[in-house]
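The structure appears below as structure tokens.
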Amino acid sequence: MDEILRNSTLVDGLESLIIKHITDRKLTPGDEIPSELELAEKYNVGRNVVREALSRLRMLGLIESRKRRGIVLSQPNVMTSFQKVVNPFILSKETILDLLGMRVSLEIGCANLIVNNITDQDIEELKRIVAKEENISYLKVNVEMEREFHTKIYAITKNRVMLDFLNIILPVFKYVNENFEDFDRFNKGSQPERRLVRHKDLIPYLEARDLEGYRKAVEDHLIAYVEYIKTIHTPDIPN
């Protein structure tokens, strides 16, 4: 039996072998993969094991069944599976902090795309959005206000995956605001040297197409999360 199957459960191992088959043969969406019977015979496993492995791959959007063609590779939505598991109520605090770090890094890192792509029409739309926001005195923002403003910002990048990621990750930000008591002292902005940057404060940098100014303003806008992650969580990442 293949080493992959020996070193894991049969279903996990077969799932890995099917993905390896797809990768090794450089299959593309629409290409056929072996049938249930062929997989069972090739890897010497029962049909139930094959069905379970294929079921997992269907849930991931990697394969689909077609009449008169059998099982073919499909075009997956890369965020589908991610969305299913990103539920802050079932994630560890360490994982939640890692996700916060991803969003902060993405928001700061895409500054170049935003400044280069933004149009005068985009800026006017952002102004209409911030005009509806309440006048708040600290960094805790209603999740719907956050969603509307940053959805527009991410749309300017013209990157669909980034926009999908934002919609998945915003509930995690809301969960941290509402459930992590140790976050509150970072969120209230009590440090006198901290620059409080709201959504409306980002717009002048965009109007001026000031890349460095906008990037620094976004970092200050998310500073509560930057400081919280830095203070609370130092990840032990293997070499």
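Pairing residues of region 119-135 that are closer than 17 Å to residue 198 by Cα with residues that are in a helix (DSSP H, G or I) and at pLDDT below 90, at Cβ distances under 9 Å and at least 6 apart in sequence or on separate chains, gives 129/145; 129/148; 130/145; 132/145; 132/148; 133/145; 133/148; 134/145. For region 69-79, the criterion of being more than 30 Å from the chain's Cα centre (by Cα) and over 30 Å from residue 169 (Cβ atoms) is met by at least one residue. Among the residues of region 58-89, the ones that are modelled with pLDDT under 85 and of a type in the set (Val, Ile, Thr) come to 4 in all. Looking at (1) crowded, with 16+ Cβ neighbours inside 10 Å; (2) out of contact with any helix residue (DSSP H, G or I) (no Cβ under 8 Å at 6 or more places or on another chain), which is the one condition that is false for residue 28? Unmet for residue 28, out of (1) crowded, with 16+ Cβ neighbours inside 10 Å; (2) out of contact with any helix residue (DSSP H, G or I) (no Cβ under 8 Å at 6 or more places or on another chain): (1).
Within region 182-239, the residues that satisfy the criterion of being closer than 29 Å to residue 93 by Cβ, in a loop (DSSP other than H, G, I, E, B) and either of a type in the set (A, V, I, L, M) or at pLDDT 90 or above (or both) are 196, 197, 222, 237.
The values are calculated or read from the model by the stated rules, or taken from the named source; none is laboratory data. Please read these numbers as outputs of a predicted model, since none were measured by experiment. Glycine gets a Cβ as well: all are built from the backbone with ideal geometry, and neighbour counts include every protein chain shown.
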